[in-house]
Amino acid sequence: MCLHQKLACACKRNKAYLFHRDNILPERVVINLYCPECGSRVDRDESTMLEDVGWLIEYDIEIARLYLNLKGIDKPVTPEFIFDEGYCSWYGMSPKDLEENAQVHQELKALQKKDRLLYFNELKRIRLAQFAELKKEGWRKAQNI
């Protein structure tokens, strides 16, 4: 089972969806989340923070190391490792991807009832275009598509 959480950033103006692969790391592994607005006023610490298109995730590296070691994962624990291996990263390709995906499904709901093949083809076309845009914008997870 996997955990996901919706967190408000430090200034409370924005929210992001985070995904915890295999429920290995607890929610408290995220110390702070900063959107591009509030993150611009934060002293960055590369040993605990990962930056992705202006968003910052600050991890408790000691907690992450403890929980990963309990699962037999003995690799160096860095913010990049935690994020890139999916132990705690965006739910989707970006902080808002889950909401954007739900919106696309809602917009295509009528089409789904009329023509399932056309629905799936349209959904695929829209999502591939979104992924291409996210990749162009530099989102970390989208770079691997």
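Pick from ILE61, ILE126, ILE24: which is most flexible by mean-square fluctuation in a GNM of the chain where alpha carbon atoms under 10 Å apart are linked? Taking springs between Cα atoms under 10 Å, the residue moving most is ILE126. Describe numerically, in nm with one decimal, the distance between label points set 7 Å from Cα along Cα→Cβ at GLU100 and at VAL53. Between GLU100 and VAL53, the label points sit 0.5 nm apart.
Find, to one decimal place in angstroms, the Kirkwood hydrodynamic radius of the chain, where the mean of 1/r is taken over every pair of different Cα atoms and then inverted. Write out the running numbers ahead of the final one.
Numbers: mean 1/r = 0.0609 Å⁻¹.
Hydrodynamic radius (Kirkwood, Cα only) of the chain equals 16.4 Å.
For the range 4-9, the Karplus equation 6.51 cos²θ - 1.76 cosθ + 1.60, evaluated at θ = phi - 60°, returns couplings of 9, 9, 10, 10, 8, 6 Hz by residue, with Gly and Pro reported as x.
Classify the range 38-109 from the C-alpha gyration tensor, please: rounded if a/c falls under 1.5, else prolate or oblate depending on whether a/b exceeds b/c. Because a/c hits 1.5 or more and a/b fails to exceed b/c, the range 38-109 counts as oblate. For the range 1-53, a Kirkwood radius taken over Cα pairs fed into Stokes-Einstein (10 °C, viscosity 1.306 mPa s) yields D = 131 µm²/s.
Between ASP43 and LEU117, take the C-beta separation as r, use R0 = 41 Å, and let me know the FRET efficiency to the nearest 0.05. That pair, ASP43 with LEU117, gives E of 0.20. What separates the Cα centres of the range 1-36 and the range 108-145 is a distance of 24 Å.
Quick note: the coordinates plus some simple rules give every number you see, no bench work behind them. Just so it is clear, the structure is predicted and the values come from calculations on it, not from any experiment. Because the Cβ atoms are built from the backbone with ideal geometry, glycine has one as well, and the counts that use them run over all protein chains shown.
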